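Coordinate-derived values only; no laboratory data. Predicted, not measured: the structure shown is a model, and the values here were computed from it. Here Cβ is always computed from backbone atoms with ideal geometry, including for glycine, and neighbour counts include all displayed protein chains.
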Amino acid sequence: MKHQLPCGNQIYYELHGNENAPISLVFLGGLSQSTLAWQAYLPAFTQNYRIVLLDLIFQGQSDNPPQFRTFKEHAEDVNHLLQSLKLQKIVPIGISYGGAVVMRLMYYFPANIYKAVLMATFAHKTPFFDAIGDSWKSALHAGGYPLMLDVMLPFVLGQHYFQNPLIPIETLKQMRISHDLSVDRLSKLMTATAVSEDFRPFLREVQIPTLVICGQEDILCTPEMHQEIVHALPYATFYQIPSVGHTLNLEAIPQTIELIKNFLNN
């Protein structure tokens, strides 16, 4: 389904689960992900929750307007969709880029947010984080998404995944490339990260119970960066998953499902 934003652009979303459930889970994917990244989570939550999967502007099946969007502007888009759906008790769940958008939702639009889940994400950037981003951008402009993917995967998959992949690495590459992510779309998404400010001071004002999950082997958004998020949020619970990297919704599906379930029921 498509939802038209005030600017005229359309955002793609899917509704799943129990339409009478009091709590709605809203999943936001990483930089080059789409709603497909969350399909494995649906069976675990459809019985007891209303579920919204969506592609941010520039992602998946959403529109590709000329100007990039900041994380705050992405959050405004998501909030407009959620208001149109008249959801009252929302749990946004975001990974990486999507987690950065969730943090803006928590700060700027907290009214109907019941709890929140942040996975493999960042509230501030380090010089090493910026250097990784620069390498991805250079690869993208030199060889498109296929070359960017070659450069990106060692930073977003843990070393244990390469030793024992759930999906073979070459198959994973072909699956991602088949999504036809353009240089233009990815460049606009990456610009939001490049211009983003340190959001830790804003998080100190957020009163929403939050689960923060990271992988022990995440070298992009390190455990130390997640600890900074936890220290900033007044009501945060932290969990580090051993032997996995950055892409938790591929590398650690059973573990993250269990953590989210326990957090929602607690």
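Structure summary
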item: Added length on full extension, which subtracts the Cα-Cα distance from 0.36 nm per residue, E205 to K86; result: 40.3 nm
item: Net +/- balance of residues flanking A40 in space, Cβ distance below 15 Å, scoring K and R +1, D and E -1; result: -2
item: Positive dipole terminus of region 31-104, leading residue within A44, I95, I57 (C-beta point charges); result: A44
item: Low-density loop cleavage sites - trypsin sites (Lys or Arg not before Pro) in region 133-238, where at most 12 other Cβ are within 10 Å (DSSP); result: R204
item: Karplus-derived 3J(HN,Hα), 6.51/-1.76/1.60, for each residue of region 236-250, Hz, glycine and proline x; result: 10, 10, 10, 9, 10, 9, x, 6, 9, x, 8, 8, 5, 7, 10
item: Relative contact order (%) - the chain, alpha-carbon pairs under 8 angstrom, separation at least six; result: 19
item: Computed label-point distance, nm, for sites H179 and Q4 using a 7 Å Cα→Cβ extension; result: 2.8
item: Calculated from backbone phi, Karplus (6.51, -1.76, 1.60) coupling profile of region 102-111 in Hz, x at Gly/Pro; result: 4, 4, 5, 4, 4, 7, 8, 9, x, 3
item: Among I57, I169, I208, residue whose mean-square fluctuation peaks in a GNM of the chain (springs only between Cα atoms under 10 Å); result: I169
item: Nearest-20 debye value, region 2-265 charge dipole, Cβ charges on Lys, Arg, Asp, Glu; result: 540
item: Most mobile listed residue (M175, M119, M225) in the chain, GNM with C-alpha springs under 10 Å; result: M175
item: Net +/- balance of residues flanking Q216 in space, Cβ distance below 13 Å, scoring K and R +1, D and E -1; result: -4
item: Under 13 Å from the Cα of K89 - aspartates and glutamates, other chains or at least 8 residues apart; result: E19
item: Whichever lysines have a C-alpha closer than 25 Å to that of K125, once near sequence neighbours (fewer than 8 apart) are set aside; result: K72, K115, K137, K188
item: Among Q216, V244, N112 the positive-end extreme of the charge dipole of the chain (Cβ point charges); result: N112
item: Net length gained if the chain between S138 and L15 were fully extended (0.36 nm per residue, minus Cα distance); result: 40.6 nm
item: Neighbour-count ranking [beta-carbon atoms within 10 angstrom, fewest first] of T171, T121; result: T171, T121
item: Förster radius 25 Å - calculated FRET efficiency between H231 and L36, Cβ distance, rounded to 0.05; result: 0.15
item: Highest-MSF residue in the chain out of P201, P146, P209 [GNM, Cα springs under 10 Å]; result: P201
